[in-house]
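J.: Got a structure here, written out as C-alpha cells. Questions coming.
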Amino acid sequence: MSKIFLLLILIFLIITACSDKEMAEWTILIYMAADNGLNNAALEDINEMENAFFSDNINVIVQIDNNAENPNSGAFRYKIKHDDSAEITSPVIAALGEIDSGDYATLRSFIDWGFSRYPAEKQALVIWSHGSGWYNFYNQFCPDYTNQSAVNIPAGDLRNAFTGLSGIDILILDACYMMTMEVLAEIGNSFRYVIGSEDELCADGFPYDDILNHWEDHDSINELGIRINQLLYDSYLPGGSQNNSNFYVNVSSSVFRTAYLSDLMQEISGFVNDWSSSAADDCFQTARAASLEFNDLQADVDIKQYFSLLLQRDLPEDLQEDCENIIQILDNSFISQLFVNYPADNIGTAVIWYPDQFFSFNSLKDTYEQLNFAETEWSNFLENSLEEE
C-alpha cells in the first residue's frame, strides 16, 4: 500500500473524527460562575434552557462551577438538549473538577475552547453570576467562594479576558448592576452588542426558555438583541414567566451597540474638558440631586437621565449643545431601553459613577483611575463637583 494512499486514509479519518465541528449558525456559550450562593438558581436556569426548543443550527454550551455544598461539586460542561423533565439530562461533555471561576483566565479558557470546539457563523456569550458593576467588594463579579476570588474589573480582569477578541456578536451579562459606562469601556469592541441591567436582577435572571425558543426568529443581530431585551422585560411583568405574582417588580434593561462607544467616550471627554471647572455649579448639582441612584453605594446614576435633567435647566448655549450631543449618541448606542416600576423617566440605559459625598469619591478615586473609562477624565469632573469634608 502506497504512502500516498495511507496519507489519504489518515486525512479521511481525521475529517471524520472532527465531523462534529461542522459549522453551525450559532454557538452560545454560557459561563455560570455559581460557586457561591446562586448555585441552585444556576441549576434551575440550566433546566430552563433544556425546556426550550431550538434547532441543531444552534449549539448551547454551558460551563457551570458548582459550590462545595452541591453533591455534584466541581465544574461541568453540558451541551444543552431539549428535555421536558425537572432534571438536568443534557450530556456532560467534560467534568473539570475544581476550578476557579473567579479567575478571568478560566473564563477566557472556556471562550477559546467553546468557540473552537463548536464553530459557528455567529457567536454569543452569557456571563451568569453575581455582579456589582465595576466595584470589587461586597457583591463582586463572578465570585468563587471556594477559591475566595472574583473577577476584578478595575485590575483589568475583564479586558484581559477579552484581549484579542473582536466582533463577537452578543454578550449577555446576567448579573446585577453590570450595565455601567465603566464596564462597557472595559468590554470595548470585543462584542458588537451588550445586553444587561443597570440595576438588580432577580436570582431567576434571564428567561432562557423564552429566549432560546425565539433565538432563530430574527433576520439580524440588531433585531435579536432587541427581542432578547423585550423578553427579559416581559418575563418580569405581573404574570410573566419570571414573576408569578400580581405585583410589579423593578425591571431596567438595555442593549448597547458598541460601535458608538469611542464616540460616546470622546463626547464625555469633551464635556469634562469644557465644564469640569464649573462642576460645582447649581445646574450640575440640581441635576445630580434629582437623578435616581443605583447600586449598593447609591453612587451611580443613569447617564441618560442625568443629562436629560441637566437639559431641563436654563443652560448656556454651548452647554446645552454638549448635553444634546451626548444624548444623541446615547440614543444611537442603546437600541433598546426598557424600564418599569421606577419613579423616574429616561432611565434604563447605563449608569455612570457620580457619588455625591466626598468620602465615597475619595475612597475609590485611585481604583477608578485604573479603568479604561478614566481616559475621559470623568473623575476630574466629579472631584470638582464635591467639597472636601
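Each value in this text was obtained by applying a stated rule to the coordinates, not by laboratory testing. Predicted model, so just to flag it, every value in this text is computed and none were measured. Virtual Cβ from ideal backbone geometry, glycine too; neighbours counted across all protein chains shown.
J.: Got the relative contact order for the stretch 23-259 handy, in percent, Cα pairs under 8 Å and 6 or more residues apart?
T.: 19
J.: Cross-link list Lys81/Lys122; Lys304/Lys365; Lys122/Lys365: which exceed 28 angstrom alpha carbon to alpha carbon?
T.: Checking Cα-Cα distances, Lys122/Lys365 exceed 28 Å.
J.: What base-10 log of the normalised intensity I(q)/I(0) is obtained for the stretch 21-67 from the Debye formula, alpha carbons as equal point scatterers, at q = 0.25 Å⁻¹?
T.: -0.91
J.: Can you put Met23, Met265 in order of Cβ neighbours within 10 angstrom, beginning with the fewest?
T.: By the 10 Å Cβ count, ascending: Met23, Met265.
J.: Whole-Å semi-axes of the stretch 194-342's equivalent ellipsoid, largest first, each the root of 5 times a Cα gyration tensor eigenvalue?
T.: Its equivalent ellipsoid spans semi-axes of 33, 19, 11 Å.
J.: Do you know the relative contact order of the stretch 72-121, to the nearest whole percent, from alpha carbon pairs under 8 angstrom that are 6+ apart?
T.: Across the stretch 72-121, relative contact order equals 32 percent.
J.: Also, I was wondering about something else. Mind running the shape call on the stretch 262-385? Use the C-alpha gyration tensor, a ≥ b ≥ c as the square roots of the eigenvalues: rounded below 1.5 for a/c, prolate if a/b tops b/c, oblate otherwise.
T.: Here the stretch 262-385 falls in the rounded category.
J.: Once the Cα atoms of the stretch 48-184 are picked out, what are the Rg and Dmax in Å?
T.: For the stretch 48-184, the Cα-based Rg and Dmax read 15.4, 43 Å.
J.: Given the C-alpha centroids of the stretch 215-265 and the stretch 340-389, what is the distance between them in whole angstrom?
T.: Cα centres, the stretch 215-265 to the stretch 340-389: 25 Å.
J.: Binning at 10 Å from 0, report for the stretch 220-297 what percent of all alpha-carbon pair distances ends up in each bin.
T.: 14, 24, 32, 22, 8, 0
J.: Still on this structure, I have one more. Could you tell me the extents of the stretch 23-259's C-alpha atoms along the three principal axes, largest first, rounded to whole Å?
T.: Per principal axis, max minus min of the Cα coordinates gives 43, 39, 38 Å.
J.: Sorted from fewest to most neighbouring beta carbons within 10 Å, what does the list Thr367, Thr163, Thr349 look like?
T.: Final ranking by Cβ density, sparse to dense: Thr163, Thr367, Thr349.
J.: To the nearest Å, what is the center-to-center distance of the stretch 127-191 and the stretch 77-98, using C-alpha atoms only?
T.: One Cα centre to the other: 25 Å.
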